[in-house]
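Heads up, the thing below is written out as C-alpha cells.
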Amino acid sequence: MFNSLSGTITGKFPQKLLLDTHGIEWDIVMPDTSLDALPHVGASARVFTYMQHTDAAMTLFGFAGERDRALFFDLLSVDGVGPKSAVKIMSSVALEQLVVALDDGNLAALEKIPGLGKKTAQKMLLQLKGKLSLDDTGGKQAKPRGGAYADVVSALADMGYDRRDVEAVIARLADELGRQPAADGEQPFAEMLPSAREELLFRRAIVELAQ
C-alpha cells in the first residue's frame, strides 16, 4: 500500500482534503489539525496516508506528517475508537493538550473531547497514559530505533509488519521496561521479540475490527 501522495491541493474543507496527483483528484479524510498544517489551495503538498478497505467502501485518510499518522494509529489501539472517531478526536484537540491530559490522568478533560464518551475516555487513559511524549518541536518524541533494538525491528519488519509501527511498539516496550539498551549492545532479543509481536497482532486486530 502506498505510504504518501504528493500533488496539488485543490480543496480544503472541514476534515476533508482534495489533492490532485497528475490528473487524479483524491478525496481524503483528514484531521483539521493536519489541514491547518498544510499550505493553501493551489500549493503543492505531501500527504501521508492510510487506506481503510471494507466490504462497503474504501476510505483514504491523510495526515500532514508521519507523527500525526502515528498518533492516529495510537488512538486506533484504544477499544472503541475507530478511524473516523480518531479523526474527530484529532480535529478537536492539539497533541500537546492530549499528552498533558493523559499524563495528568485528567479524565474530565478527556471526556470533554468531542467523540469521546466517559467509558472510551477511561480506556484511552489506561491505554495511552505515559505513552505519548513531546520533543522540543512539539511533535511526538522519537525513541531509540537503532543499536541493540535494530535486530528486533528488522526481524519484525521481515515478518511483514510496517516498520514504523514496529519502531513505535519497540519504543513503547522499552519505556515499560524502564531501561535503554545496554551499553555493550546486548538486549534480551528473546524477551522483546514475542512481546512486540503480540502487541502488533493486537493493533492489527483492533484496526480490522474497526473496519
Taking the condition of being surrounded by fewer than 16 Cβ atoms within 10 Å (Cβ to Cβ) and of a type in the set (Val, Ile, Thr), how many residues in segment 9-44 meet it?
4
Could you tell me whether segment 80-98 includes any residue that is in contact with a strand residue (DSSP E or B) (Cβ under 8 Å, 6 or more places away or on another chain), of a type in the set (D, E, K, R) and modelled with pLDDT of 85 or more?
yes
Does segment 22-32 contain any residue that is within 20 Å of the chain's Cα centre (by Cα) and in a helix (DSSP H, G or I)?
yes
Can you say whether residue 59 is of a type in the set (Val, Ile, Thr), open to solvent by 20 Å² or more (accessible area, probe 1.4 Å), more than 22 Å from residue 171 (Cα to Cα) and touching a helix residue (DSSP H, G or I) at 6+ places or on another chain (Cβ under 8 Å), as far as the supplied structure shows?
yes
Could you check, for segment 66-76, whether at least one of its residues is surrounded by fewer than 20 Cβ atoms within 10 Å (Cβ to Cβ) and over 18 Å from residue 168 (Cβ atoms)?
no
All but one of (1) buried (at least 19 other Cβ atoms within 10 Å of the Cβ); (2) among the β-branched types (Val, Ile, Thr); (3) within 26 Å of residue 19 (Cα to Cα) hold for residue 99; which doesn't?
(3)
Exactly one condition in (1) open to solvent by 30 Å² or more (accessible area, probe 1.4 Å); (2) among the charged types (D, E, K, R); (3) within 20 Å of residue 204 (Cα to Cα); (4) in contact with a helix residue (DSSP H, G or I) (Cβ under 9 Å, 6 or more places away or on another chain) is not met by residue 111; state its number.
(3)
Has segment 136-158 got at least one residue that is at pLDDT 80 or above, touching a Gly at 6+ places or on another chain (Cβ under 8 Å) and open to solvent by 40 Å² or more (accessible area, probe 1.4 Å)?
no
Please determine whether any residue of segment 45-55 is at pLDDT below 90, touching a helix residue (DSSP H, G or I) at 6+ places or on another chain (Cβ under 8 Å), within 19 Å of residue 165 (Cα to Cα) and part of a strand (DSSP E or B).
yes
From (1) within 24 Å of residue 115 (Cα to Cα); (2) in contact (Cβ under 8 Å) with a residue 40 or more places away in the chain, pick out the condition that doesn't hold for residue 37.
(2)
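The values are calculated or read from the model by the stated rules, or taken from the named source; none is laboratory data. Keep in mind it's a predicted model, so treat the numbers as computed, not measured. Here Cβ is always computed from backbone atoms with ideal geometry, including for glycine, and neighbour counts include all displayed protein chains. Ligands, DNA and RNA are excluded from the accessible area calculation, which covers all protein heavy atoms including side chains. Shrake-Rupley method; radii C 1.70, N 1.55, O 1.52, S 1.80 Å.
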